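Inspection log for the structure reproduced underneath, given as structure tokens.
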């Protein structure tokens, strides 16, 4: 029986070629686009989590409301106690305090006069305590373009583009000018130990990375931090888990009206990030749905045309005593085989495309100029095992559904009129 | 005819009294507030979100183009000096032992965490040279009769496009100021009090300066010692004096 169907499909190319091509293209697009979008979301989420938001983060209520201004006067204080509490209450996370602050970097000439100046965004993380969590999290060894990671107090590492603009090289002296937590003017000389390149303009153009202790002393922020970032020990962001952690933490402080009360947010709570994640996820689902609908319609039409072309064949088979149900079942079996063949080839092509983009990536840096979000400059697709089924099942389903719809015509044939129709 | 004039004069006088020349008022205000030279010692009380800080300073100024300020306490600020020469502003920090010119967007930053920006500090020109003025009404402020003057900028490089000031009718000192952006939004509010006489001048010795975009109590500037029209060593107004 199966052999019979296969022979039919192989000998009558018009029965198999077009449906297989349609399925193959549809499945290829589904697999390829899903892999690409998945890769984009994962890169986007991972990069933002590592550099900016954590999987969850704790700030003061007032800081959360004015975050874009980097208001260090609204930072968390007495964080040792808070850190211990977080470690006890949420052991599934690793907690890291950070300080983000703004200011100006001044480069002196030989006589000590200002040679060049540029705005800078300071990011203070634990670099010198011996714990390498933050160094690894920020991929500093990979991102290092020149020089070395700070090894002593008074050393900073700056974005490669910022270094180029200010004509700075490892070993050069710079002066940071800014405000302390209390608003006092603060000046401090630093030595540039190296430069980093993340391929993210918002980082490479303005970032100055320094040790947490140096920043605390610079900003008069003893035992303080602008935020405490939490990273899931599993290394992956789970939206529901993060939301649960956030809600449990916030419940404890729900009654407090103090503007310095700590508040936890999940990565998705970052307004722009959350919007893009929802948008991209919805877009991905919608795209798969549209592909299935379009493929079904195209295959339905192909089935109808095939039905017309095989009008006589079905008539003869019915006249010879084959049951309508049997003819219909045979058609569906044919569709199943065609769908499987098309889906296998489509999935293979989609996976090859995904793996190619995973390795090669697409450079979107030209489109991201001036953007406020941290976006990877090169977007790479991401292969995951479920890509093997994500297009395969809809591909087979579309073929079967299309044939089911077009095959209904078989049941409308009147056996009594068959001989007349066949002009026998 | 004489009788007609006699009857008319009081009305004319009333009319004049009701519409004083705004430029005369501004001139009198400038005479009080500006001097050839000035040495001022004072303190700045900054009401922060978490605590209150008091910063003491001594400042020297000559005309509207030269000023030199040295911060005396607390320890964090002590030794920090600022020099303004015309449109240039330099800051010396003993912590970094560097003299750095403040320019561009840094001028909009707060001075020592106060509600005052460097740009505000730089603005020392005579009001009548910068603004077009009209008297829009009268009001009593702290029990003193004041004229309300509305000032609109006539030059481009001005920190505030529009100002509204309440000027004491007897002593010609401002008792209240409102500073507006070009869009008409109120940005800052200043309240002048403790007006004292220094020679022939009246001078407010306490100013509360408040950035209305911040939710705070503002910053108090309190004059503890004021010397007007005294001789100041020209060396003070040089960059070398910053490292002295």
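Read-outs: derived from the displayed coordinates by stated rules, not from any lab. This is a predicted model, so every value here is computed, not measured. When we count neighbours, we look across all protein chains shown, and the Cβ atoms used for this are built from the backbone with ideal geometry, even at glycine.
Where does helix A:392-407 land angle-wise versus the long Cα axis of chain A, in degrees 0 to 90, nearest 10?
Long axis of A:392-407 versus the principal axis of chain A: about 30 degrees.
So if I take the centroid of the Cα atoms in the range B:19-60 and the same for the range A:192-221, what is the distance between those two points in Å?
39
Report, in whole Å, the centroid distance computed from the Cα atoms of the range B:121-157 and the range B:176-229.
If you average the Cα positions of each part, the centres end up 13 Å apart.
Less than 17 Å from a label point 7 Å out along the Cα-to-Cβ axis of residue B:87: which backbone N atoms in the range A:97-124 qualify, by residue?
Output list for this probe position: empty.
Using only the Cα atoms of the range A:1-89, construct the convex hull and provide its projected area averaged over every direction, in square nanometres to one decimal.
12.0
Hey, could you get me the Stokes-Einstein D for chain B, Kirkwood radius over alpha-carbon pairs, 20 °C and 1.002 mPa s, rounded to whole µm² s⁻¹?
Here the translational diffusion coefficient equals 110 µm²/s.
For the range A:56-234, what are the per-bin percents of Cα-Cα distances with bins 10 Å wide, up to the bin holding the maximum?
Cα pair-distance distribution for the range A:56-234, in percent: 10, 38, 37, 14, 2, 0.
How far is helix A:79-89 tilted off the main Cα axis of chain A, in degrees rounded to 10, range 0 to 90?
Here the helix axis deviates by roughly 30 degrees.
Taking the range B:45-109, how much of its Cα-Cα pair set, in percent, is spaced more than 13 angstrom apart?
Result for the distance tail: 69 percent.
Using a simple spin-label model with points 7 Å from Cα along the Cα→Cβ vector, what separation in nm is obtained for residue B:214 and residue A:411?
7.8
What are the principal axis extents of the Cα atoms in the range A:81-138, in Å, biggest first?
Reported extents, whole Å, longest axis first: 53, 21, 18.
In square nanometres, what is one fourth of the surface area of the convex hull spanned by the alpha carbons of chain A?
Hull-based average projected area comes out at 27.2 nm².
Suppose the chain between residue A:85 and residue A:142 were pulled fully straight at 0.36 nm per residue; how much longer would it get relative to their current alpha carbon spacing?
17.2 nm
Tell me the mean residue ellipticity at 222 nm calculated for chain A from its helices only (DSSP H runs of n ≥ 4, each -39500 (n - 2.57), averaged over every residue, nearest 500).
Value at 222 nm, helices only, nearest 500: -16000 deg cm²/dmol.
Averaging sequence separations of C-alpha pairs under 8 Å and six or more residues apart, then dividing by the length of chain A, give the relative contact order as a whole percent.
RCO, chain A: 27 percent.
The range B:80-175: D in µm²/s via Stokes-Einstein (Kirkwood Rh, Cα pairs, 10 °C, 1.306 mPa s)?
Here the translational diffusion coefficient equals 102 µm²/s.
What is the calculated FRET efficiency for residue B:50 to residue A:389, with r their C-beta to C-beta distance and R₀ = 56 Å, to the nearest 0.05?
Calculated value: 0.50.
Rounded to the nearest 0.05, what FRET efficiency is calculated for residue B:36 and residue A:222 with R0 set to 51 Å and r the Cβ-Cβ distance?
The value I calculate is 0.65.
What FRET efficiency do you get for residue A:129 and residue A:236 if R0 is 41 Å and r is their Cβ-Cβ distance, rounded to the nearest 0.05?
Given R0 = 41 Å and the Cβ-Cβ separation, E is 0.95.
How big is D, in µm² s⁻¹, for the range A:212-365 by Stokes-Einstein at 4 °C and 1.567 mPa s if Rh is the Kirkwood radius over C-alpha pairs?
Taking Rh from Cα pairs, D becomes 57 µm²/s.
Which residue, A:217, A:129, A:111, tops the fluctuation ranking in a GNM of chain A built on C-alpha contacts under 10 Å?
Maximum among the listed residues: A:111.
Could you work out which residue, out of A:109, A:43, A:363, moves most in a Gaussian network model of chain A, that is, has the largest mean-square fluctuation with Cα springs under 10 Å?
It is A:109.
Any chance you could check the Cα centroid distance between the range A:236-301 and the range A:387-402 for me, in angstrom?
The distance from the Cα centre of the range A:236-301 to that of the range A:387-402 comes to 27 Å.
Restricting to Cα pairs below 8 Å that are 6+ residues apart, what does the relative contact order work out to for the range B:22-243? Please round to a whole percent. Kindly include the intermediate steps, with their values, before the conclusion.
Working: 495 pairs, mean separation 48.6, N = 222.
Dividing the mean separation by the residue count of the range B:22-243 yields 22 percent.
Does anyone have the angle between helix B:2-18 and the longest principal axis of chain B? Alpha-carbon axes, 0 to 90°, nearest 10?
20
Specify the residue with the greatest mean-square fluctuation among A:339, A:122, A:130, computed from a Gaussian network of chain A linking alpha-carbon atoms under 10 Å apart.
A:130
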